[in-house]
Amino acid sequence: MNKDDVFIQLKEILSSEFEIDSSLITPGANLYEELDMDSIDAVDLVVKMKERIPGKIDPALFKTARTVGDLVELLYPLVQAQDGNP
């Protein structure tokens, strides 16, 4: 899985589970200001990502994320570790 795949997974979750218009979901979109998410939504997003990305996702990682692109950058190393890549 590459970064584009991680982005696609995030976009699918945000649009289907959080009912966010998919045209608004871009790497630069601010999770809280543009996509109108809150801290509860962030926790829910972690749970939904665990269903799609194997391995342990530390919810604390999401505290530093401000954009969709930030999430991709945080999740990608976890995906790589699961795939056996350094």
Being open to solvent by 60 Å² or more (accessible area, probe 1.4 Å) and under 18 Å from Val43 (Cα atoms) is the filter here, so list the residues in the range 1-32 that pass it. Lys11, Glu12, Ser16, Glu17, Glu19, Tyr32
Taking first residues from the range 40-67 that are in contact (Cβ under 8 Å) with a residue 40 or more places away in the chain and second residues anywhere that are among the hydrophobic types (A, V, I, L, M, F, W, C), the pairs with Cβ under 7 Å that are 6 or more apart or on different chains are Met49/Ile13; Met49/Ile57; Met49/Leu75; Ile53/Leu75; Ile53/Leu78; Ile53/Val79; Thr67/Ala29; Thr67/Leu31
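Residues are listed down the side, and each one gets a yes or a no for (1) at pLDDT 90 or above; (2) in a loop (DSSP other than H, G, I, E, B):
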| residue | (1), (2) |
| --- | --- |
| Glu12 | yes, no |
| Leu35 | yes, yes |
| Val47 | no, no |
| Val72 | yes, no |
| Ala81 | no, no |
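Filter the range 33-57 down to residues that are open to solvent by 40 Å² or more (accessible area, probe 1.4 Å) and among the hydrophobic types (A, V, I, L, M, F, W, C) and give me whichever is nearest to Ile8 (Cα to Cα). Explain how you work it out, then say what you get.
Let us first name the residues in the range 33-57 that are open to solvent by 40 Å² or more (accessible area, probe 1.4 Å), namely 33-34, 36, 38-40, 43-44, 47-48, 50-52, 54-56.
Still in the running and among the hydrophobic types (A, V, I, L, M, F, W, C): 40, 43, 47.
Numbers: Ile40: 22, Val43: 19, Val47: 17 Å.
So, considering only residues that are open to solvent by 40 Å² or more (accessible area, probe 1.4 Å) and among the hydrophobic types (A, V, I, L, M, F, W, C), the one nearest to Ile8 (Cα to Cα) is Val47.
Before we move on, is Ala60 at pLDDT below 80, among the small types (Gly, Ala, Ser) and open to solvent by 60 Å² or more (accessible area, probe 1.4 Å)? Spell out the reasoning first.
Numbers: at pLDDT below 80: yes; among the small types (Gly, Ala, Ser): yes; open to solvent by 60 Å² or more (accessible area, probe 1.4 Å): no.
So Ala60 does not fit the description; no.
The values are calculated or read from the model by the stated rules, or taken from the named source; none is laboratory data. Note that the structure is a prediction, hence the values are computed from the model and not measured. With ideal geometry, Cβ positions are generated from the backbone for all residues, glycine too; neighbour counts draw on all protein chains shown. Accessible surface is based on the protein model in full, side chains and every heavy atom, while ligands, DNA and RNA are left aside. Shrake-Rupley method; radii C 1.70, N 1.55, O 1.52, S 1.80 Å.
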